[in-house]
1. TYR300 fails exactly one of the following numbered conditions: (1) modelled with pLDDT under 95; (2) surrounded by 18 or more Cβ atoms within 10 Å (Cβ to Cβ). What is the number of that condition?
2. How many residues are part of a loop (DSSP other than H, G, I, E, B) and not polar (S, T, N, Q) when one looks only at the stretch 276-285?
3. Got a number for residues in the stretch 211-233 being part of a loop (DSSP other than H, G, I, E, B), within 21 Å of TYR300 (Cα to Cα) and touching a Lys or Arg at 6+ places or on another chain (Cβ under 7 Å)?
4. From the list LEU239, LEU250, LEU260, LEU288, exactly one residue is open to solvent by less than 20 Å² (accessible area, probe 1.4 Å), outside the structural domain of ALA330 (by the TED database), in a helix (DSSP H, G or I) and touching a Ser or Thr at 6+ places or on another chain (Cβ under 9 Å). Which is it?
5. Go over the candidates ALA156, ALA202 one by one and state the one that is under 18 Å from ALA135 (Cα atoms) and of a type in the set (Gly, Ala, Ser).
6. Restricting to the stretch 263-275, and then to whatever is open to solvent by 60 Å² or more (accessible area, probe 1.4 Å), part of a loop (DSSP other than H, G, I, E, B) and not polar (S, T, N, Q), can you tell me which residue is farthest from GLN230 (Cα to Cα)?
7. Looking at (1) touching a Phe, Trp or Tyr at 6+ places or on another chain (Cβ under 8 Å); (2) of a type outside the set (Gly, Ala, Ser); (3) within 26 Å of LEU250 (Cα to Cα), can you tell me which one THR319 breaks?
8. For a quick check of your reading of the model, give me the residue pairs whose first member lies in the stretch 299-326 and is at positive phi, whose second is open to solvent by 10 Å² or more (accessible area, probe 1.4 Å) and at pLDDT 90 or above, with beta-carbon atoms closer than 6 Å and at least 6 apart or on different chains.
Amino acid sequence: MKRAGQKVVAGTEAPGASQTSKKQRTSLYGSELRESGPCTSMDWGSLPHHVILRVFQFLTLVDRARASSVCRRWNEVFHIPDLWRRFEFELSQPATSYLKSTHPDLIQQIIKRHADHLQYVSFKVDSSTESAEAACDILSQLVNCSIKTLGLISTAKPSFMNVSKAHFASALTVVFVNSKSLSSIKIDDTPLDDPSLKVLVANNSDTLKLLKMSSCPHVSPAGILCVADQCHGLKELALNYYILSDELLLALSSEKHVDLEHLRIDVVSENPGQVQFHTIKKQSWDALVRHSPKVNIVMYFFLYEDEFDAFFREETPVTHLYFGRAVSKAMLGRIGMNCPRLIELVVCANGLQPLDDELIQIAERCKNLTAMGLGECEVTCRGFIEFVKMCGGRLTQLSIMEEVLIPDSDYSLDRLHLEVSKHLGRMWFPDMMPTW
């Protein structure tokens, strides 16, 4: 039996090892550890500020607030400005959301002590009007802010759209006027209006780089044209198609503008047959691409089949296309003819007519195509293999539901994956429909 406190010698070290070796071994683990006897408990309050700060950054907001009550030192770290540069206000009503709402007392503490530290701020609200109004009330109090990015996120509609336009505009004006360094704004599905945009431009024209404002019905083409004319550093823009115009594209193509990197356009129709979509001239698209040759033009379509008449009748420099509803064979044929810059194509639905010819034409003419996704469509195995063969290894993403592929006399589904894998230069299988 070994007596308590007796030292255990590890490995083959001789009993007479030098004191130097002992000191070196001890110093590796810190001065708190001793060669014999029980370890002493850690004094958490003596940890360096940067270590405590790192711990706090991994905690949820509620746990962070609780941890701040451990001791005075931890409470001091809780209020270090670095900890409050990024913050998401979660605002919800228990009856309408599963979100855990940020406690009102904590919100007031943040506004009182850290409003001037907030730089990357977002508001996540549920569908209730009360949550959206609470977000506007907080925005109205940020009079000493220096926010760089602002996001208003609705987990469900209507949310901000039920807030009065005057209340919403007044709250945004506080941030737009006081920040003066806004670079990124994402405010979809809100009552944003033209006067608010003018305030934004007047105070942040030198810093604004990203503006995402889809589904803002009170914004007119004139409002977004004001942004395009004066925010010369604008890199990314997302908007609804009804705002897009030849005049806007020409404004974004002027010499005073830096190169636009991303233009996202949402083409949405809620009532089939009741919306007449205008056509953008080829000359306007050409002007934008000449000015910004690397621009990504992304279009999301949520239309019915009889509403596509205005699109792709002549060459269009779109790079990414997503169809959320059914799209006709004729429309896909136009894409093959008139979208030479196409990089990615996703078709959620088409109908019961094989798309062999349309896909082969797209592969032949869209030399930059690297990603394809097909949902509720039909393609013969022979036609699909021909499409893949023409695209070759440049198809880095290929997502095809197994139900899309129709076996024929030349290829079964078992043989198809081998042929496709050979032409892609990597193992490939069609996607399986989930059974849950």
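The values are calculated or read from the model by the stated rules, or taken from the named source; none is laboratory data. Computed from a prediction, not measured in an experiment: that's the story for all the values here. Heads up, the Cβs are rebuilt from the backbone with ideal geometry, glycines too, and the neighbour counts pull from every protein chain shown. Accessible surface is based on the protein model in full, side chains and every heavy atom, while ligands, DNA and RNA are left aside. Shrake-Rupley method; radii C 1.70, N 1.55, O 1.52, S 1.80 Å.
1. Here TYR300 clears every test but (1).
2. Let us first name the residues in the stretch 276-285 that are part of a loop (DSSP other than H, G, I, E, B), namely 276-281.
Still in the running and not polar (S, T, N, Q): 277-278, 280-281.
Residues flagged as part of a loop (DSSP other than H, G, I, E, B) and not polar (S, T, N, Q) within the stretch 276-285 amount to 4.
3. So in the stretch 211-233, the residues part of a loop (DSSP other than H, G, I, E, B) come out as 213-220, 231-233.
Now narrow it down to the ones that are within 21 Å of TYR300 (Cα to Cα): 213-220.
Then drop every residue that is not touching a Lys or Arg at 6+ places or on another chain (Cβ under 7 Å), which leaves 218.
Residues meeting the conditions: 1.
4. Details: LEU239 fails: in a helix (DSSP H, G or I); LEU250 fails: open to solvent by less than 20 Å² (accessible area, probe 1.4 Å); LEU260 fails: in a helix (DSSP H, G or I).
Result of the check over LEU239, LEU250, LEU260, LEU288: LEU288.
5. Values: ALA202 fails: under 18 Å from ALA135 (Cα atoms).
Selected residue: ALA156, the only one of ALA156, ALA202 that is under 18 Å from ALA135 (Cα atoms) and of a type in the set (Gly, Ala, Ser).
6. Initial filter on the stretch 263-275 (open to solvent by 60 Å² or more (accessible area, probe 1.4 Å)): 264, 270-272, 274.
Okay, now just the ones that are also part of a loop (DSSP other than H, G, I, E, B), so 270-272, 274.
Among the residues that remain, those that are also not polar (S, T, N, Q) are: 270, 272.
Numbers: GLU270: 33, PRO272: 37 Å.
The residue in question is PRO272.
7. Going through (1) touching a Phe, Trp or Tyr at 6+ places or on another chain (Cβ under 8 Å); (2) of a type outside the set (Gly, Ala, Ser); (3) within 26 Å of LEU250 (Cα to Cα) one by one, THR319 breaks only (1).
8. Sorted first by the residue in the stretch 299-326, then by its partner, the pairs are PHE312/ARG334; PHE312/ASN338.
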